[in-house]
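Here is the structure we will look at, set down as structure tokens.
The values are calculated or read from the model by the stated rules, or taken from the named source; none is laboratory data. This one's a predicted model, so the numbers in the text were calculated from it and none came from an experiment. Here the Cβ positions follow ideal geometry from the backbone for every residue, glycine too, while neighbour counts run over all protein chains shown.
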Amino acid sequence: MNLFWLLFSTQGKLDRKNFWISILILNLSSVLITFVGENIFTSYEPTKISFLAFFMSKMLPRFYGIFVLISSFFLAKKRVNDIGSNEWIPIAYVIALFIPTFMSAIGSINLIFFSGLFPLFITFYLGLASSK
């Protein structure tokens with residue numbers, strides 16, 4: 001399987017196994033990169049952190065998060081092609097993935113949990129639906 005096709009193409013179909021492997025690797029690597037970045041950032045004194053350390057610890061995880069959102073759209077689109085479902089699901093999926101981040105940015109701690117349930121439901125729908 002071609003990695004560029006997997007992460008950046010809307011053409012073709014994606015079976016359950018490859019969908020789950022791809023989604024889990026993308027999301028777990030995003031969590032790992034964010035965790036490492038936060039540990040690097042907190043290890044420095046705030047007044048003595050260099051631009052490079054700031055960029056590596058704060059900006060790279062965010063850029064990778066954007067990459068994960070874009071790749072998740074393409075994975076969901078290929079999965080929708082396989083199950084023959086509604087074409088709007090990949091767009092709703094990416095918006096649903098972004099909402100918990102937005103809620104945490106505005107400081108709405110109580111809504112983060114509830115806003116995280118919607119992308120989870122869509123992920124399980126896409127991952128468990130049978131092929132047409």
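Residue pairs whose Cβ atoms lie under 9 Å apart, sitting 6 or more positions apart in sequence or on different chains, and linking a residue in the stretch 104-132 that is over 16 Å from TYR93 (Cα atoms) to a partner that is part of a helix (DSSP H, G or I) and at pLDDT 90 or above, are SER130/ARG16; SER130/ILE83; SER131/ARG16; SER131/ASP82; SER131/ILE83; LYS132/ASP82; LYS132/ILE83. Restricting attention to the stretch 15-48, the residues being within 17 Å of the chain's Cα centre (by Cα) and touching a residue at least 40 places away in the same chain (Cβ under 8 Å) number 6. For the stretch 1-25, a residue qualifies if it is surrounded by 11 or more Cβ atoms within 10 Å (Cβ to Cβ), not β-branched (Val, Ile, Thr) and not in a helix (DSSP H, G or I), and the qualifying residues are SER9, GLY12, LYS13, LEU14, ASP15.
Restricting the search to the stretch 26-79, which residues are of a type in the set (Val, Ile, Thr) and not in a helix (DSSP H, G or I)?
The answer is THR47, ILE49.
Determine whether ILE91 is without any contact (Cβ under 8 Å) to a residue 60 or more places away in the chain and in a helix (DSSP H, G or I). Considered against the rule, which asks whether it is without any contact (Cβ under 8 Å) to a residue 60 or more places away in the chain and in a helix (DSSP H, G or I), ILE91 comes out as yes.
Put simply, of ARG62, ARG79 the only residue that is within 21 Å of the chain's Cα centre (by Cα), surrounded by 16 or more Cβ atoms within 10 Å (Cβ to Cβ) and on the phi < 0 side of the Ramachandran plot is ARG79. When the criteria are applied in full, ILE91 fails the requirement of being modelled with pLDDT of 80 or more and either crowded, with 16+ Cβ neighbours inside 10 Å or in contact with a Leu (Cβ under 8 Å, 6 or more places away or on another chain) (or both).
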